[in-house]
1. Normalised by the empirical 2.2 N^0.38 Å for globular proteins, what value does the Cα Rg of the chain take?
2. At 222 nm, what helix-only mean residue ellipticity would the chain give, in deg cm²/dmol to the nearest 500, using -39500 (n - 2.57) for each DSSP H run of four or more?
3. Measuring from centroid to centroid over Cα atoms, what is the spacing of the range 1-67 and the range 76-138 in Å?
4. In a Gaussian network model over the chain where Cα atoms closer than 10 Å are linked, find which of 36, 120, 28 has the largest mean-square fluctuation.
5. How many percent of the accessible area of the range 1-95 is carbon or sulfur, using a 1.4 Å probe?
6. Go through the range 55-106 and name the chymotrypsin sites (Phe, Trp or Tyr not before Pro) that are in a DSSP coil and have 14 or fewer other Cβ atoms within 10 Å of their Cβ.
7. Of 22, 88, 47, which has the most accessible area and how do the rest follow, probe 1.4 Å?
8. Over the chain, with a Gaussian network built from C-alpha contacts below 10 Å, which listed residue (122, 55, 215) shows the highest mean-square fluctuation?
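The values are calculated or read from the model by the stated rules, or taken from the named source; none is laboratory data. Just so you know, these numbers come straight off a predicted model, no measurement behind them. Heads up, the Cβs are rebuilt from the backbone with ideal geometry, glycines too, and the neighbour counts pull from every protein chain shown. For accessibility, only protein heavy atoms count, side chains too; no ligands or nucleic acids. Shrake-Rupley method; radii C 1.70, N 1.55, O 1.52, S 1.80 Å.
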Amino acid sequence: MTELTATIIAAHGRHYLAQADTEKLQCVTRGKKSDVAVGDIVHVKRTSNDQAVIESIAERKTLLYRSDQYKSKLLAANVTQLFIVIATEPGFSDDLVSRALVAAEAAGIQAHLILNKIDVTEALGKTRERAALYASLGYPVHEVSARAYPDATHAALMPLLQGQSTILIGQSGMGKSSLINLIVPDADIAVREISEALDTGKHTTTFTRLYAMDEHTSIIDSPGFQEFGLYHLSEGMLERAFPEFQSYLGNCKFYNCHHINEPECAIRTAVAAGAIAPMRHQLYLQLLHESSQKLY
Ligand SMILES: Nc1nc2c(ncn2[C@@H]2O[C@H](COP(=O)(O)OP(=O)(O)OP(=O)(O)O)[C@@H](O)[C@H]2O)c(=O)[nH]1
Ligand SMILES: [Mg+2]
Ligand SMILES: [Zn+2]
């Protein structure tokens with residue numbers, strides 16, 4: 001019974017795949033625990049040639065998660081940056097982008113937007129305009145095309161990835177797996193071509209997977225999402241997760257202002273003056289509402 005240290009590289013339900021030095025081990029947790037995330041460093045005890053039990057999880061540097069009313073869902077551990085992949089087509093959801101940004105801020109993770117498929121020129125102008133909001137908030141936006149400009153895309157992304165642990169998230173069909181295929185040549189992830197032709201949903205990524213690029217660099221592919229609940233964030237965390245709110249906080253008439261409908265609210269005044277996008281304030285109110293619905 002040897003004890004080993006390994007990194008969780010994939011998770012499906014309560015089954016995990018862990019990379020130890022040169023071998024991959026199929027792991028389970030003890031009992032019904034399922035609090036392990038891709039990116040976790042774990043201590044495991046081997047139970048057979050290629051199987052092991054997870055004994056403990058090393059302290060995490062960061063933890064990214066979503067949650068609904070009932071429970072939280074771990075996305076990845078120990079990532080240092082989040083790439084939110086958006087595209088010219090299919091169109092992206094501002095609600096989901098902002099939710100991912102809020103999750104990154106709350107977890108203390110640097111976020112970037114990767115605008116993919118810039119070869120689809122008909123939709124580019126409008127998409128650029130929409131992405132400009134996030135650039136104005138301080139989130140870098142990188143324009144790429146995994147399909148049409150693979151070399152330029154590779155050259156643009158590699159320096160950002162070096163020495164970091166990066167997770168790609170975004171809606172289905174934005175090109176996360178295409179980008180990872182470009183960056184990790186032996187990843188060979190099925191990309192969604194078939195589903196587009198037959199509309200069967202095949203080849204869409206169904207589980208989160210970590211690829212180690214070198215000792216200090218890794219990249220994580222994740223399934224596309226359609227909702228991104230943040231029920232676990234407190235009011236204070238929410239306020240701090242909106243960078244454009246920061247210079248106004250403390251200037252409201254009431255020190256405990258919720259920025260909903262209170263008189264002389266500095267945040268709402270800034271919205272009315274055009275300094276804060278109404279869409280972002282609306283999302284803040286929605287997230288505040290969600291956090292009051294949390295049942296755990
Ligand atoms: N025109 C164009 N199409 C692209 C580009 N990058 C990816 N695609 C196509 O977009 C589709 C979806 O790509 P995927 O990489 O599977 O997208 P994904 O984000 O991994 O999707 P899920 O796994 O479902 O979350 C595929 O048909 C790709 O060939 C690009 O730069 N330009
Ligand atoms: Mg994919
Ligand atoms: Zn206020």
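1. 1.07
2. Calculated mean residue ellipticity at 222 nm is -8000 deg cm²/dmol.
3. After rounding, the separation between the Cα centres reads 30 Å.
4. Fluctuation is largest for 120.
5. Within the range 1-95, the accessible surface is 47 percent carbon and sulfur.
6. 70
7. Order by accessible area, largest first: 22, 47, 88.
8. The residue with the greatest mean-square fluctuation here is 215.
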